[in-house]
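Trainee: To start, I am sharing the structure in question, which I have written as structure tokens.
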Amino acid sequence: MTIVPTQASPATQVAHANAPISDLDPYSDEALIEPWAMYQELQGLGLAVWLTRYQMFALTRYDSVIRALKDASAFSSASGVMMNDEMNQVLRGNTLCSDGADHQRSPRIIGKPLSPTALKSLQEEITSKAERLVERLVSKGTFCAITELATFLPMDIVGTAVGLPQDGRERMLVWAAQMFNCFGPLNDRARGAFPVLREMMHYASSQAVRGKLKPGSWADAILDAVDRGEVDQAVCPMMMIDYVGPSLDTTIYAIGNGVWLFAKHPEEWQKVRESPSRIPAAINEIVRMEAPVQSFSRLLTRDYDMEEITLPARSRAIVCYGAANRDERKFPDPHRFDVTRGSAEHMAFGWGPHMCVGQHLAKLEMNAIFCALAARVERFHIHHAGRCSGCESTVSGLLAGDHGHQGAGHEPFTPTTGVLGPAWRRRKRGW
Ligand code: HEM
């Protein structure tokens, strides 16, 4: 597989018709760190705004994002959902990047072990692993809430259940992170990540094969579907990547964001401790506030009117889940973290036909972690304890505890759009 970064293709260079325009850059380091003011400005300009820098529309209002996500016949995923054409080529055949009948086949197969019913068999294991982990960390008093807390369950559960050979599994987190770095516009972050992505693709096509996979595993079940003629052998590696790519950083960030939000808002943590039945609602509020995936995109198949604005056929529209989640038109006082708000209609897992197929697993893991914490941690304290070696090569977001207190917290875990990179990490930590 060869990945040759080039400039934007003519497909993205379409007239912006009568849309408001803006030269704001949602993918600058500054915006990645703190996108909220920029989102508000874009929302103020209209339902769709033409970004001059990227020659794409930005959909940032709740109303425009939900329209796009629901209408897959106009807002297509088949030409890819990333913000650069190279990645859209590379991920062709992947579940995210398909429409219609091709798309329906895929979630049916990969979604099977991820349904609430199927996940019941993992519930006990996840709960007891979360309890043992939290017990151990709390007894230390200070811990890194990303590498020691948030990373554990997603890596352990997905790593084992997918059934990939042990050899190479330690690279899963690096691959997942770099894959997200390739999702944005073709900038240095994306270019730097392409070689790692090549390594991941090579692994998927050479190791994810019969004989090397754990029998009965999620990946093995994809090969069974090939044998039954339900899926083409050629798309198998892509389907394996469906399990590894989107399942790790997303959930890790969501757990890390949760710890950080509770550290900043101890009164909300208190509410959760008093009534742990609030945890599912709190999880919705965490991912509403800090959507781990900030945006993907869609290609217009035809001219589409959003009230007075026409989005022309062949133009690309960025759908900003993170912005929709903070749209005051939908969520009053949107920047306030409130576990009793009732934020179930957030967009953090998407909406419509491509809504996240792994959300039940993510919620199960988050629920287990926050239940275990609620029973043992009175309050989280943000503690800038320096660099944690584990954070360096994998996900960013060092969190460390405060001596004499239970629990821990450190830097705000600003969401990733898939273009989150080392520069961001350095800035956040003040290196
Ligand atoms: C907190 C954790 C997670 C978040 C925030 C998240 C977010 C998302 C979002 C926003 C989409 C929609 C993409 C679109 O509109 O085009 C999506 C789709 C997807 N997610 Fe997740 N995800 C999470 C966890 C997971 C996990 C644990 C898995 C797998 C085990 C997973 C697998 C997928 C797959 C395969 C799709 C594509 C679905 C389709 O196109 O039909 N995700 N996710």
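Trainee: With respect to ALA145, determine if the residue is surrounded by fewer than 20 Cβ atoms within 10 Å (Cβ to Cβ) and within 23 Å of the chain's Cα centre (by Cα).
Mentor: No, not satisfied.
Trainee: Given (1) modelled with pLDDT under 95; (2) within 13 Å of the ligand (Cβ to nearest atom); (3) part of a helix (DSSP H, G or I), where does ILE66 come up short, assuming only one miss?
Mentor: So the condition that ILE66 fails would be (1).
Trainee: Further question: Would you point out the residue of region 47-60, among those that are buried (at least 19 other Cβ atoms within 10 Å of the Cβ) and more than 19 Å from the chain's Cα centre (by Cα), that is farthest from the ligand (Cβ to nearest atom)?
Mentor: Kept after step one, since they are buried (at least 19 other Cβ atoms within 10 Å of the Cβ), are these residues of region 47-60: 47-51, 54, 56-60.
If we keep only those that are more than 19 Å from the chain's Cα centre (by Cα) too, we end up with 47-51, 54, 56-57.
Details: LEU47: 18, ALA48: 17, VAL49: 19, TRP50: 21, LEU51: 19, TYR54: 18, MET56: 15, PHE57: 16 Å.
Per the stated criteria, the residue is TRP50.
Trainee: Right, here's the next one. Could you list, in sequence order, the residues of region 162-180 that are buried (at least 21 other Cβ atoms within 10 Å of the Cβ), within 16 Å of the ligand (Cβ to nearest atom) and not in a loop (DSSP other than H, G, I, E, B)?
Mentor: VAL162, MET172, LEU173, TRP175, ALA176, ALA177, MET179, PHE180
Trainee: Restricting the search to region 135-163, which residues are among the basic types (Lys, Arg) and free of Cβ contacts under 8 Å to residues at least 40 places away in the same chain? If you could, list the steps in order and put the result at the bottom.
Mentor: Initially, region 135-163 is screened for residues among the basic types (Lys, Arg), giving 136, 140.
Selection gives ARG136 alone.
Trainee: Need pairs with beta-carbon distance below 9 Å; first residue within 9 Å of HIS360 (Cβ to Cβ) and within region 106-119, second more than 11 Å from the ligand (Cβ to nearest atom) and of a type in the set (A, V, I, L, M); sequence gap 6+ or separate chains.
Mentor: Sorted first by the residue in region 106-119, then by its partner, the pairs are LEU119/ILE126.
Trainee: While we're on this one: Might you let me know whether region 270-293 holds any residue that is among the β-branched types (Val, Ile, Thr), within 11 Å of the ligand (Cβ to nearest atom) and outside any helix (DSSP H, G or I)?
Mentor: yes
Trainee: Suppose we keep only residues that are away from the ligand (no atom under 11 Å from the Cβ) and not in a helix (DSSP H, G or I) within region 98-152. Which one would you say is modelled with the highest pLDDT?
Mentor: That would be SER115.
Trainee: Next up: Just give me the residues in region 202-219 being assigned to a helix (DSSP H, G or I), crowded, with 19+ Cβ neighbours inside 10 Å and free of Cβ contacts under 8 Å to residues at least 60 places away in the same chain, in sequence order.
Mentor: Within region 202-219, TYR203, ALA204, ALA219 meet the criteria.
Table: residues versus (1) closer than 24 Å to ARG92 by Cα; (2) basic (Lys, Arg).
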| residue | (1), (2) |
| --- | --- |
| ASP156 | no, no |
| ASN181 | yes, no |
| ARG189 | yes, yes |
| TYR203 | yes, no |
| ARG210 | yes, yes |
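The values are calculated or read from the model by the stated rules, or taken from the named source; none is laboratory data. Predicted model only: the values in this text are computed from it and were never measured. All Cβ positions, glycine included, derive from the backbone under ideal geometry; neighbour counts span all protein chains shown.
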